[in-house]
Amino acid sequence: MQDEGIDKAKIDSINNSNIRLKSFDLKNNQETSSEVATMIGYATGFLIYLVILIYGMGVMRGVSEEKTNRIAEVIISSVKPFQLMMGKIVGIALVGLTQFLLWLILTGSLQLLLPLLIPELRQAMHPGGVGIQEAMQKVPANEMATLFQTLASQNWTLIIGCFLFYFLGGYFLYAAMFAAVGSMVNEDQQEAQQMTIPITMPIILAFFIMTSAIKDPNSPLAVFGSMFPLTSPIVMMARIPYGVPAWQIAVSMLLLIGGFVFMTWISAKIYRTGILLYGKKASWKEVFKWIRYS
């Protein structure tokens, strides 16, 4: 461009210019932000991913310990195996929800108490504090306004409602399978890890589909992952902030409920036989026989 007679200062100003692209939702007549949708989708999907793995494994360990300590034999004399399995699943779910609420209360309490105990922190966090002022000066006013407008424009009722549904639906679906595996294994931890591979693989696969869905929420892989019951709790939450047709959400929820009922029925058959099986490693061939004849 210098050869064409353009001033070097103008060339430098063009090279150093910060160009920002904005997207606009014509349907709702408002500006949208893919960054906010990405943040919400990734946070909710990743949280469900962690809950399924952590508390699902907790169900398996709890069932395995009851079997190893022969506690299950005593309890089954008073209740049905299905009731015992569901009691374990619901009990650990309530523990998880209690821990989640305690984390929220603790976080809120720290935000209120720490500024009172540490004056320097109170000054930095105060709206007129130096720390807030410096941070606000670095962010253009129009960007802050766009961020708050985008957050306010999100359908939080839909996001929170779907999060609670997929949070509980995904947990109950996988917890039933983890309970079945816990009833199959004995004290051998290596055996337990081998038995959990068919269960953990769909969870890990759902996480990778979630990362792909965040980049392209309407791709065939993302749509399939948000419908398939074993991956929908994680993948659908990554798609919802970008906007998902109501019929897809309805079909996904119905399939998840159907998958939960089916998996609970299968897991109850395995649990009924496996919880009383000691000193023998159960093969998958035997497990299929339990499902067929129980």
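Observations on the model:
- Residue in the stretch 50-69 that is more than 17 Å from the chain's Cα centre (by Cα), on the phi > 0 side of the Ramachandran plot and at pLDDT below 80 present: no
- Answer from TYR271, TYR278 - the residue that is loosely packed, with under 15 Cβ neighbours inside 10 Å and in contact (Cβ under 8 Å) with a residue 12 or more places away in the chain: TYR278
- The residue that is nearest to the chain's Cα centre (by Cα), among those in the stretch 241-268 that are outside any loop (DSSP other than H, G, I, E, B) and over 30 Å from GLY182 (Cβ atoms), is PRO241.
- Members of the stretch 187-215 found to be touching a residue at least 24 places away in the same chain (Cβ under 8 Å) and among the hydrophobic types (A, V, I, L, M, F, W, C), listed by number: ALA192, ILE199, ILE203, LEU205, ALA206, PHE207, ILE209, MET210, ALA213, ILE214
- Subset of the stretch 216-240 (residues that are surrounded by fewer than 15 Cβ atoms within 10 Å (Cβ to Cβ) and either part of a helix (DSSP H, G or I) or touching a residue at least 40 places away in the same chain (Cβ under 8 Å) (or both)): PRO220, LEU221, PHE224
- The set of residues in the stretch 61-77 being more than 9 Å from GLY182 (Cα to Cα), buried (at least 17 other Cβ atoms within 10 Å of the Cβ) and among the small types (Gly, Ala, Ser) consists of ALA72 alone.
- Any hit, the stretch 178-192, residues being within 14 Å of GLY45 (Cβ to Cβ), in a helix (DSSP H, G or I) and in contact with a Leu (Cβ under 9 Å, 6 or more places away or on another chain): no
The values are calculated or read from the model by the stated rules, or taken from the named source; none is laboratory data. Keep in mind the model is a prediction, meaning the values are calculated, not measured. Virtual Cβ from ideal backbone geometry, glycine too; neighbours counted across all protein chains shown.
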